[in-house]
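Below is one structure, written out as structure tokens; comments come after it.
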Amino acid sequence: MPQATVHLLRHGEVHNPDGVLYGRLPEFHLSERGREMARMLAEHFVVRADQGARIVHLVASPLTRAQETAMPTSEALGLPITTDTRIIEAENHFEGLHPTRSEFLKPKHWYYFRNPLRPSWGEPYKEQAARVIAAVQDARLKAIELGGDGAEAIMVSHQLPIWATRLSAEGRRLAHDPRKRECTLASLTSLVFDDDGKVARVDYSEPAAVLLPGAASTPGA
């Protein structure tokens, strides 16, 4: 079986003036900074393609911010956007609320903190990793079908599902401190597969790092 790479791309900054945990809520669009991040990502992939990378498949979560992040790359590389619900943001009890200490300490939320290792306030990490890995494997096979040995796919997703997938791919414990995730806005977590379809290594990069200072940092967004 040929080798392939699947890039898990976190979306760009979102326009979120109220600072809510937007989760799966509809109509949260990229901010101007987020749109610039998306343009920089497209330029990054064009350079890779010019250097010989065979980027042949583009997938995005159905959420607005992921679709908008994918659009410049779609236009630059001439790739249609395939929507896959399996790489959507994680479910979260606190969706739509302000992620503040005072909000979390309200008695009505206490039940949802009963098991932070699962976590009990949202979709289990194990389930997130499983659905994304299944989507990644399909994207890997599609890339090979379209581009042969060494082909690449891009999947635009969200921080927590990407991080859970990386932890799983690296054989690490899924429970973690959200503040220590290595998955900034517009970052790439690249799963490099060997010819047996197994993850040979995980690469991480930040093509839009110059735009990160001052960017929004709502936890879990």
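The values are calculated or read from the model by the stated rules, or taken from the named source; none is laboratory data. Fair warning: this is a prediction, and the values are worked out from it, not measured in the lab. Backbone-built Cβ (ideal geometry, glycine too); neighbour counts: all protein chains shown.
Each residue in region 173-213 was checked for being part of a loop (DSSP other than H, G, I, E, B) and in contact with a helix residue (DSSP H, G or I) (Cβ under 8 Å, 6 or more places away or on another chain), and 13 pass.
For (1) touching a Phe, Trp or Tyr at 6+ places or on another chain (Cβ under 7 Å); (2) part of a helix (DSSP H, G or I), each residue gets a yes or a no:
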| position | (1), (2) |
| --- | --- |
| 86 | no, yes |
| 94 | yes, no |
| 97 | no, no |
| 103 | no, yes |
| 109 | no, yes |
| 115 | no, no |
| 126 | no, yes |
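So which pairs qualify, if the first residue must be in region 49-75 and closer than 14 Å to residue 7 by Cα and modelled with pLDDT of 95 or more, the second must be among the polar types (S, T, N, Q) and part of a helix (DSSP H, G or I), the Cβ gap must be under 8 Å, and the two must be at least 6 apart or on different chains? Hits for this filter: 58/73; 58/74; 60/67; 60/69; 61/67; 61/85.
Out of region 75-105, which residues are surrounded by fewer than 19 Cβ atoms within 10 Å (Cβ to Cβ) and over 22 Å from residue 24 (Cβ atoms)? Residues satisfying the conditions are 75, 76, 77, 78, 80, 101, 102, 105.
Return yes or no: is residue 110 of a type in the set (Phe, Trp, Tyr) and either within 13 Å of the chain's Cα centre (by Cα) or loosely packed, with under 14 Cβ neighbours inside 10 Å (or both)? Walk me through how you get there before you give the answer.
Numbers: of a type in the set (Phe, Trp, Tyr): yes; either within 13 Å of the chain's Cα centre (by Cα) or loosely packed, with under 14 Cβ neighbours inside 10 Å (or both): yes.
Criteria met by residue 110.
The listed residues are 57, 7, and the only one of them that is within 21 Å of residue 210 (Cα to Cα) and not in a helix (DSSP H, G or I) turns out to be 7.
Inside region 113-124, can you point out the residues that are of a type in the set (D, E, K, R), surrounded by fewer than 16 Cβ atoms within 10 Å (Cβ to Cβ) and within 21 Å of residue 24 (Cβ to Cβ)? Step through it out loud before you land on a result.
As a first pass, look at region 113-124 and keep what is of a type in the set (D, E, K, R): 114, 118, 123.
Within this subset, residues satisfying the condition of being surrounded by fewer than 16 Cβ atoms within 10 Å (Cβ to Cβ) are 114, 118.
Correct list: 118 only.
Could you please let me know if residue 45 is at pLDDT 95 or above, assigned to a loop (DSSP other than H, G, I, E, B) and among the aromatic types (Phe, Trp, Tyr)? So residue 45 does not fit the description; no.
Conditions (1) surrounded by 19 or more Cβ atoms within 10 Å (Cβ to Cβ); (2) within 27 Å of residue 19 (Cβ to Cβ); (3) hydroxyl-bearing (Ser, Thr, Tyr), marked per residue:
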position	(1), (2), (3)
147	no, no, no
156	yes, yes, no
161	yes, yes, no
170	no, no, no
186	yes, yes, no
191	yes, no, no
206	no, yes, no
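Pairing residues of region 166-185 that are closer than 28 Å to residue 211 by Cα and without any contact (Cβ under 8 Å) to a residue 60 or more places away in the chain with residues that are among the aromatic types (Phe, Trp, Tyr) and surrounded by 19 or more Cβ atoms within 10 Å (Cβ to Cβ), at Cβ distances under 9 Å and at least 6 apart in sequence or on separate chains, gives 167/125; 176/125; 176/163; 178/163; 181/163; 182/163.
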